[in-house]
Amino acid sequence: MKYYFLIVGVLSVLYYLLLAWYSRRLTTTFAGFWLISGGVHLALGCAPFSDSVFRILKCAVIAVWILFAAVEILIVFRMVPQRGKRADQIIILGAQVRGRRITNSLKRRLDAALSYLEAYPDARVIVSGGRGKGEDISEAEAMAEYLIARGVDPCRIQREDRSTSTKENFRFSRKFLDAENSVTGIVTNDFHICRAEMIARREGYRKIIRIPASSNPVFQLNYLVREFFAILAMLIR
């Protein structure tokens with residue numbers, strides 16, 4: 001058990017360093033978890049615990065891994081695209097904009113939406129996201145500009161520019177659609193699609209199609225672990 005904690009601790013710290021190097025930031029989204037987790041694991045691995053304490057820790061670790069695996073299976077299952085299904089409208093969930101510049105995660109969502117809109121020219125699109133810190137325009141406006149520049153008819157686009165969370169994305173977008181009777185496609189990154197669908201159903205959406213976009217492979221593990229905690233918190237509440 002001692003070696004388990006030492007190995008996991010070292011790997012966690014190395015992954016944090018990779019995220020910091022890749023993003024050129026020390027505080028990128030959720031990356032601090034890996035540094036803290038690494039420190040805790042290394043401390044446990046170096047602690048002079050008795051065999052009985054390590055046996056208790058072993059049971060706790062096994063229980064956590066079983067819970068983690070169950071939630072991750074749920075997340076990964078929802079990451080599979082639902083091909084060949086038609087939506088009346090799709091909602092693109094906003095993500096951070098830097099100034100007026102589309103970030104990588106948001107670009108992936110928009111590109112997935114473009115593919116869907118090309119395949120289903122009758123579908124409308126709702127771009128959902130308000131203006132946050134460091135953003136010169138709302139996420140909705142940035143998304144609309146991106147879609148229009150790539151040939152989407154402006155008449156197909158509706159802007160929801162007040163929301164600051166996934167819950168508000170769905171709540172404020174309801175004014176543009178019939179959440180109970182029309183079919184709504186949800187466009188977000190694959191790691192986020194499971195939680196987004198859960199929130200949408202809590203907000204009254206009854207007919208949902210998942211349209212997952214790809215994610216940055218370097219950050220994928222980081223995002224999947226973050227979603228584990230987010231979904232666990234939702235289930236507890």
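Side notes on the structure shown:
- Three-way shape call for the stretch 95-187 based on the alpha-carbon gyration tensor, with the a/c threshold at 1.5: oblate
- Rg and Dmax, both from the Cα atoms of the stretch 60-105 and both in Å, are 17.2, 47.
- Kirkwood hydrodynamic radius of the chain, from the reciprocal of the average inverse Cα-Cα distance over all distinct pairs: 19.4 Å.
- Distances between placed amide hydrogens fall under 5 Å for Ala213 paired with Thr188, Asn189, Asp190, all partners being 5 or more residues away or on another chain.
- Note on Ala70/Tyr3: beta-carbon distance plugged into 1/(1 + (r/R0)^6) with R0 of 35 Å gives a FRET efficiency of 0.85.
- Selected from Ala142, Ile66, Thr166, residue furthest toward positive end of dipole (the stretch 44-168; charges at beta carbon): Ile66
- Karplus 3J(HN,Hα) series, Hz, for the stretch 6-13 with 6.51 cos²θ - 1.76 cosθ + 1.60 (x for Gly, Pro): 5, 5, 4, x, 5, 4, 5, 5
- Distance between the modelled labels on Val61 and Leu18, one decimal in nanometres: 2.0 nm (7 Å Cα→Cβ projection).
- Asp111 paired with Ser214, simple spin-label distance in nm, labels 7 Å along Cα-to-beta-carbon: 0.5 nm
- Cα-centre dipole for the stretch 47-136 with unit charges at Cβ (Lys and Arg positive, Asp and Glu negative), debye to 20: 180 debye
- Taking Phe170, Phe68, Phe49 as the candidate residues, the one with maximal mean-square fluctuation in a Gaussian network model of the chain, Cα springs under 10 Å, is Phe49.
- Cα shape, the stretch 16-150, gyration tensor, a/c 1.5 rule: oblate
- Close amide H partners of Gln158, meaning residues 5 or more places away or on another chain with modelled amide H under 5 Å apart, are Val125, Ile126, Val127.
- Backbone phi angles across the stretch 117-130, fed through the Karplus curve with coefficients 6.51, -1.76 and 1.60 (θ = phi - 60°), yield HN-Hα couplings of 5, 5, 6, 10, x, 8, 6, 8, 9, 10, 9, 10, x, x Hz in residue order; Gly and Pro are listed as x.
- In terms of its alpha-carbon gyration tensor, the stretch 129-237 comes out oblate; a/c meets the 1.5 threshold, while b/c is at least as large as a/b.
- The figure for Trp65 is an accessible area of roughly 140 square angstrom, using a 1.4 Å probe on the protein chains alone.
- Dipole magnitude of the chain about its Cα centre (Cβ charges: Lys, Arg +1; Asp, Glu -1), debye to nearest 20: 200 debye
- Using alpha-carbon coordinates, inclination of helix 139-149 to the longest axis of the chain, degrees: 60 degrees
- Per-residue ³J(HN,Hα) for the stretch 43-53, Karplus 6.51 cos²θ - 1.76 cosθ + 1.60, θ = phi - 60°, Hz, x for Gly and Pro: 5, 5, x, 8, 5, x, 6, 7, 4, 5, 5
- Lys pairs under 29 Å by Cα in the chain, provided they are eight or more residues apart or on distinct chains: 14
- Potential lengthening of the chain between Asp122 and Cys155 amounts to 10.8 nm, from the contour at 0.36 nm per residue minus the alpha-carbon distance.
- Over the stretch 1-113, accessible surface divided per residue gives 61 Å², non-protein components excluded, 1.4 Å probe.
- Cut-off under 5 Å, modelled amide H: who pairs with Gln89 long-range: Arg124, Val183, Gly185
- Carbon/sulfur fraction of accessible area - the chain, other protein chains in place, 1.4 Å, %: 61 percent
- Summarising the label geometry, the points placed 7 Å from Cα in the beta-carbon direction at Ser52 and Thr27 lie 4.4 nm from one another.
The values are calculated or read from the model by the stated rules, or taken from the named source; none is laboratory data. As the structure is a prediction and not an experimental result, all values here were calculated from the model. All Cβ positions, even for glycine, are placed from backbone atoms using ideal geometry, and neighbour counts span all protein chains on display. Just so you know, the surface numbers come from the protein's heavy atoms only, side chains and all, with ligands and any DNA or RNA stripped out. Shrake-Rupley method; radii C 1.70, N 1.55, O 1.52, S 1.80 Å.
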